[in-house]
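What follows is a set of notes on a single structure, which appears directly below.
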Amino acid sequence: MNRIELFTTPTSTSAAAASDVVSGAPGSSQERVPLARAFWSAESRVASELDPSEAAGEVAFDLRLGLQAEAASLVLLFASSDIEPDPLIATIEDAFPEAIVAACSTAGEFTDESTGTGGISALALPATGVRRVAAALAPLGGGAKAGGGLAVADLERQLGSRLRDLDPARHVGILLVDGVHGDEEAVNEALGNAAPLLDVVGGSAGDDLAFAGTWVALGSRISAHGAVVVVLELEGPFTVFKTCSFTSTGRRLRITAADPARRTVLEFDGRPAAQAYADALGVPVAELASRFMDSPLGLMVDGEPWIRSPQRLEGDAVVLYCQVLEGMEVEVMASGDLIADTRAALDAAVARVGGTPRGAVVFNCILRRLEIDTRGLGRAFTGMFAGMPTAGFHTYGESLVSHINQTATGIVFG
Amino acid sequence: MAVHLSLETVATALRALVGETAFPSITTRVLLRTGVNLRSPRPDQLANAGAVSTVVGALSELGYRV
């Protein structure tokens, strides 16, 4: 019998409550029960006709089926902002009283079988293979670093250990963070300061490209300006991955004036940012915005780009989806084959866990989704996960070590 | 905490503090936060007092006093 411990704080970040759960699963952790995933599509229904409880009921049914009578330790729920979260989450919580439920709004949802918008994707981790789960909701309205710090303190209270003392070979974090207030860098820094060697993987919540408001939830606590942090202690192998389909052109731009809080570059190499960027691409400034998708900027680490995607021009300035600082040097990227590059990253991740994955959670950038949609690659995208129960969502930014853009991040569970 | 005049001595002190296994992860975090690559510093940053101070500060936030 596999015994797991689940921790969460049901009412406030200052009053951690812990509950132990005994799995009802037959057998031992050696049986490697796969993760369960579910996809619910709104299809042609309009938002006003949706019954979130009914939709959640279908999702819960499919997850239970996938769990093969195993108890769940964690349910990750990704839902369109068209769907009211309260009844959705309440139904999932009722269906999985033994599990922690973490959720967020999206800019599209997918599994290894389907991708779409306006619906729901979900992933349930079986109790088998998970030794402990802890989760905290970070309120970010009073400041992102402070909120991140509260979440860290809550997690440490639940786990009875400093996060930095957790063995990174057995622990991994998942971050679902607000997608419209620009707090991702500060939240990632707060988590990094607390646990520099712990991998925390995640994505920024979306709202179907409205950019008006997103939500994250830990159980019934739903926040329009917050972050959910989950820490898992796993018994089996796992690996994190990051992939983008860009390579450097070798053309470098040094940021000589910036407004980091507004994620804005004012000058590259002492020149107006838009003009210098356009010159690096060899196009007039009037054409620059049309090149943003194919030619973002990358901060290079050991030859690997960490993408900073341009969002728009503001006069001579370039506004990014990610923070950059004065003195940083970025390189202009050239786009490659999104499907081939992602497949290679996934294949490598699967190999790292021994070749027989139990499942995966994936956070895929909205800009990649737009490319997938434009080029009709939806089936090729979901097909990459074939044979591996997978769920994820299209994000307003990805997290791994820091906030990044035009990337897919994820965890493959072995 | 020592006074560092260059990124090379910061890197040496960090390596001695955290070991070879953790060194790449920590320096990646520092690079993404500061733009300074401790593993392969840009020539203009190598002995730049501002860059050294920024990196020492970032490491301190991460819990590593070098």
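Observations, loosely collected:
Listed here are the residues, each with its yes/no results for (1) closer than 24 Å to A:ALA360 by Cα; (2) out of contact with any strand residue (DSSP E or B) (no Cβ under 7 Å at 6 or more places or on another chain).
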site	(1), (2)
A:ALA144	no, yes
A:VAL152	no, yes
A:LEU155	yes, no
A:GLU185	no, no
A:GLU189	no, yes
A:GLY202	yes, no
A:ALA205	yes, no
A:ASP208	yes, no
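- Residue count for the stretch A:289-337 satisfying the condition of being under 25 Å from A:MET384 (Cα atoms), free of Cβ contacts under 8 Å to residues at least 60 places away in the same chain and away from chain B (no Cβ under 14 Å): 2.
- Hits in the stretch A:140-160 - residues which are more than 19 Å from B:LEU62 (Cβ to Cβ) and under 18 Å from the mean Cα position of the chain (by Cα): A:LEU140
- Residue match in the stretch A:185-203 (condition: open to solvent by 10 Å² or more (accessible area, probe 1.4 Å), touching a residue at least 40 places away in the same chain (Cβ under 8 Å) and away from chain B (no Cβ under 14 Å)): no
- Check on A:GLU58, of a type in the set (Asp, Glu), modelled with pLDDT under 95 and part of a helix (DSSP H, G or I): no
- Residue count for the stretch B:7-21, restricted to those that are without any contact (Cβ under 8 Å) to a residue 40 or more places away in the chain and either closer than 17 Å to B:GLY57 by Cβ or open to solvent by less than 10 Å² (accessible area, probe 1.4 Å) (or both): 2.
- Qualifying residue in the stretch A:362-383 (condition: among the hydroxyl-bearing types (Ser, Thr, Tyr), under 15 Å from A:THR239 (Cβ atoms) and assigned by TED's automatic domain parsing to the domain that holds A:ARG32): no
- Meets criteria (under 28 Å from A:GLY129 (Cα atoms) and assigned to a helix (DSSP H, G or I)) for A:THR382: yes
- Count of the stretch A:394-408 residues which are farther than 21 Å from A:ALA210 by Cβ and either of a type in the set (Phe, Trp, Tyr) or more than 9 Å from chain B (Cβ to nearest Cβ) (or both): 4
- Out of B:GLY57, B:GLY63, sole residue that is at the interface with chain A (Cβ under 8 Å from one of its Cβ atoms) and open to solvent by less than 70 Å² (accessible area, probe 1.4 Å): B:GLY63
- Test set (1) outside any strand (DSSP E or B); (2) open to solvent by less than 20 Å² (accessible area, probe 1.4 Å); (3) of a type outside the set (Phe, Trp, Tyr) - A:HIS394 fails condition number: (1)
- Against the numbered list (1) more than 17 Å from A:GLU304 (Cβ to Cβ); (2) open to solvent by less than 30 Å² (accessible area, probe 1.4 Å); (3) free of Cβ contacts under 8 Å to residues at least 40 places away in the same chain, B:ILE26 comes up short only at (1).
- Subset of the stretch A:159-184 [of a type in the set (A, V, I, L, M, F, W, C) and either touching a helix residue (DSSP H, G or I) at 6+ places or on another chain (Cβ under 9 Å) or open to solvent by less than 10 Å² (accessible area, probe 1.4 Å) (or both)]: A:LEU163, A:LEU166, A:VAL172, A:ILE174, A:LEU175, A:LEU176, A:VAL177
- Residue in the stretch A:100-158 that is most open to solvent (accessible area, probe 1.4 Å), counting only those that are acidic (Asp, Glu) and in a helix (DSSP H, G or I): A:GLU156
The values are calculated or read from the model by the stated rules, or taken from the named source; none is laboratory data. A quick note: this is a predicted structure, and the numbers were derived from the prediction, not measured. Methodologically, a virtual Cβ is constructed for each residue, glycine included, from the backbone with ideal geometry; neighbour enumeration extends over all protein chains shown. These area figures cover heavy atoms from the full protein model, side chains too; ligands, DNA and RNA do not enter into them. Shrake-Rupley method; radii C 1.70, N 1.55, O 1.52, S 1.80 Å.
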